[in-house]
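The values are calculated or read from the model by the stated rules, or taken from the named source; none is laboratory data. Since we're looking at a predicted model, the values are computed, not measured. A quick note on method: Cβ atoms are made from the backbone with ideal geometry, for glycine too, and the neighbour counts reach across all protein chains shown. Surface accessibility is based on the protein's heavy atoms, side chains included, excluding ligands, DNA and RNA. Shrake-Rupley method; radii C 1.70, N 1.55, O 1.52, S 1.80 Å.
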Amino acid sequence: MVLFVFFWLISAVEANDESTSVRLFNYDRYLLNLDMDVLTDPSGELTIKQVSAPGNAVGFKRNTQKILNLGISSNAHWVRFRLSYPDSYPNKAKEKQWYLEVARSLLDMAELYTPLESGGYSVMRSDLSVPFEDRFLSHVNSVFPVKMHIGDERTYYLKLESDAVSIQYSL
């Protein structure tokens, strides 16, 4: 399964901590564009602990466009989205894996922060710092595995950066 999001033009509104979850069922592809929030980090120094802290929603803006275009920028950008794998028909598998693809090749930074049951986040990189043969999936775009158990609802964070080039992301 592929979770696929297009980011290009951002026209944002305030986002809150209770973002709508994308409910995962038996579809092969989900477009996450209109279900994500974006935070621009000019310093590039924000941490997952800072951006995921309760009450930090004021910095995130709801993406309202089908494709997110952040223009020419050397800023880091955080993307927040919620996924839910409901314990209801037609879901039967106790565990299911999808792939999150950032359809933008050769990113300086692409890190997916996955919430842990014990608290905190695990991080996976799929960017220019990771040789293709060492990536989870050898692909020109950044691709991350997203594994969920039935009944899970989780908030994920993606940190993206591409130095001084036009930033047009497709996830």
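Taking the numbered list (1) at pLDDT below 75; (2) more than 14 Å from the chain's Cα centre (by Cα); (3) hydroxyl-bearing (Ser, Thr, Tyr); (4) surrounded by 16 or more Cβ atoms within 10 Å (Cβ to Cβ) in turn, residue 11 passes all entries but (4). Scanning the stretch 49-62 for residues that are of a type in the set (Val, Ile, Thr) and at pLDDT below 85 yields a count of 1.
Summed over the stretch 30-45, the residues that are in contact with a strand residue (DSSP E or B) (Cβ under 7 Å, 6 or more places away or on another chain), part of a loop (DSSP other than H, G, I, E, B) and closer than 19 Å to residue 162 by Cα give a count of 1. The condition of being surrounded by 17 or more Cβ atoms within 10 Å (Cβ to Cβ), outside any strand (DSSP E or B) and at pLDDT below 80 holds for only one of 163, 127, that being 127.
Figure legend. Inter-residue proximity from the stretch 30-54: first residues on the phi > 0 side of the Ramachandran plot, second residues open to solvent by 90 Å² or more (accessible area, probe 1.4 Å) and of a type in the set (A, V, I, L, M, F, W, C), beta-carbon distance below 9 Å, spacing 6+ or different chains. No pairs are indicated.
The condition of being surrounded by fewer than 17 Cβ atoms within 10 Å (Cβ to Cβ) and at pLDDT 80 or above holds for only one of 65, 97, that being 97. Picking from residues in the stretch 100-123 that are touching an Asp or Glu at 6+ places or on another chain (Cβ under 7 Å) and open to solvent by 30 Å² or more (accessible area, probe 1.4 Å), the one that is modelled with the highest pLDDT is 123.
Listed conditions (1) within 22 Å of residue 40 (Cβ to Cβ); (2) at pLDDT below 85; (3) open to solvent by 30 Å² or more (accessible area, probe 1.4 Å) are all met by residue 89, apart from (1). If you check 39, 46, 32, 24 for being crowded, with 16+ Cβ neighbours inside 10 Å, touching a Gly at 6+ places or on another chain (Cβ under 8 Å) and modelled with pLDDT of 60 or more, only one passes: 39.
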